[in-house]
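The values are calculated or read from the model by the stated rules, or taken from the named source; none is laboratory data. All of these numbers come straight from a predicted model, not from anything done at the bench. Positions of Cβ are backbone-derived with ideal geometry, glycine not excepted, and every protein chain shown enters the neighbour counts. To get the accessible areas, we keep the full protein, side chains included, count just its heavy atoms, and leave off ligands, DNA and RNA. Shrake-Rupley method; radii C 1.70, N 1.55, O 1.52, S 1.80 Å.
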Amino acid sequence: MNFNNVFRWHFPFLLLLLVFARSVSADTLLVLGDSLSAGYRMSATAAWPSLLNEKWQKKPAVVNASISGDTATQGLARLPSLLKQHRPQWVLIELGGNDGLRGFSPQQIEQDLRKIITTVKAADAKPLLMQVRLPANYGRRYTEAFSGIYPALAKEYAIPLVPFFMEQVYLKPEWMQQDGIHPNPAAQPFISGLMAQELAPLVKHE
């Protein structure tokens, strides 16, 4: 048997299999967020990204890479390794809230979010930017400058702007933890359903 001929015959097929395997592994939505998505003071399996993963039966898979307390700078620092590990097709960016609560300058927040978006794009993944808003008691001037960052970046990079799920959760006191900032476990199924509705048109193939 001429093994060289066998190799030549099978090489294109093997190459096609590798490409197919890469595309399957990339059918992933990575959630890059903070405590609002990490499941603050609850099991990670109770957080809305985990519930969404179950709801969609991993089609696409939802990987929750959110960490409580993360700023946009910290999310940016973790992003390259996450992109290499999970090779996602989409990245939902839910960051900036902690920056705003700490009074970081809108210019710095915008710069970090911009770097996150461009890093995601450079990895051939599609960024999805979530609108984030601050409580009104942070002052009208600052909160408006902060909230304006997100639609401006979405427009500049022609990427989807996903509504902030907390705007509806805040209306239900029974869905909030005692700190008045974080959603509790009872709110997670609602958030999961809302995010499924918002994200499905952006990521679902079926």
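Descriptive notes on the structure:
Condition check ((1) among the acidic types (Asp, Glu); (2) on the phi > 0 side of the Ramachandran plot; (3) modelled with pLDDT under 95; (4) in a helix (DSSP H, G or I)) across all residues:
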{"residue": "Pro151", "(1), (2), (3), (4)": "no, no, no, yes"}
{"residue": "Ala154", "(1), (2), (3), (4)": "no, no, no, yes"}
{"residue": "Phe164", "(1), (2), (3), (4)": "no, no, no, no"}
{"residue": "Glu174", "(1), (2), (3), (4)": "yes, no, no, yes"}
{"residue": "Ile181", "(1), (2), (3), (4)": "no, no, yes, no"}
{"residue": "Ile191", "(1), (2), (3), (4)": "no, no, no, yes"}
{"residue": "Leu194", "(1), (2), (3), (4)": "no, no, no, yes"}
{"residue": "Gln197", "(1), (2), (3), (4)": "no, no, no, yes"}
{"residue": "Pro201", "(1), (2), (3), (4)": "no, no, no, yes"}
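Quick grid of which residues meet (1) farther than 25 Å from Pro60 by Cα; (2) among the charged types (D, E, K, R); (3) in contact with a His (Cβ under 6 Å, 6 or more places away or on another chain):
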{"residue": "Gly97", "(1), (2), (3)": "yes, no, no"}
{"residue": "Ile116", "(1), (2), (3)": "no, no, no"}
{"residue": "Lys121", "(1), (2), (3)": "no, yes, no"}
{"residue": "Lys126", "(1), (2), (3)": "no, yes, no"}
{"residue": "Ala158", "(1), (2), (3)": "no, no, no"}
{"residue": "Trp175", "(1), (2), (3)": "yes, no, no"}
{"residue": "Ile181", "(1), (2), (3)": "yes, no, no"}
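- Of all residues in segment 25-42, those being modelled with pLDDT under 95 and hydroxyl-bearing (Ser, Thr, Tyr) number 1.
- Any hit, segment 52-59, residues being open to solvent by 10 Å² or more (accessible area, probe 1.4 Å), in contact with a helix residue (DSSP H, G or I) (Cβ under 8 Å, 6 or more places away or on another chain) and touching a residue at least 60 places away in the same chain (Cβ under 8 Å): yes
- Criterion (among the small types (Gly, Ala, Ser) and in contact with a helix residue (DSSP H, G or I) (Cβ under 8 Å, 6 or more places away or on another chain)) met by exactly one of Ala158, Ala152: Ala152
- Residue count, segment 85-110 (criterion: open to solvent by 60 Å² or more (accessible area, probe 1.4 Å) and polar (S, T, N, Q)): 3
- Here Ser147 passes the criteria (1) at pLDDT 95 or above; (2) farther than 17 Å from Ala46 by Cα; (3) open to solvent by 50 Å² or more (accessible area, probe 1.4 Å) except the one numbered (3).
- Filtering segment 189-206 to residues that are within 15 Å of Glu54 (Cα to Cα) and over 16 Å from the mean Cα position of the chain (by Cα) leaves Pro189, Phe190.
- Residue check, Thr73 touching a helix residue (DSSP H, G or I) at 6+ places or on another chain (Cβ under 6 Å), assigned to a helix (DSSP H, G or I) and either open to solvent by less than 20 Å² (accessible area, probe 1.4 Å) or on the phi < 0 side of the Ramachandran plot (or both): yes
- Residues of segment 150-172 classified as open to solvent by 60 Å² or more (accessible area, probe 1.4 Å) and in contact (Cβ under 8 Å) with a residue 24 or more places away in the chain, total: 4
- Residues in segment 111-142 that are within 17 Å of the chain's Cα centre (by Cα), charged (D, E, K, R) and open to solvent by 60 Å² or more (accessible area, probe 1.4 Å) were compared, and the one that is farthest from Lys155 (Cα to Cα) is Asp124.
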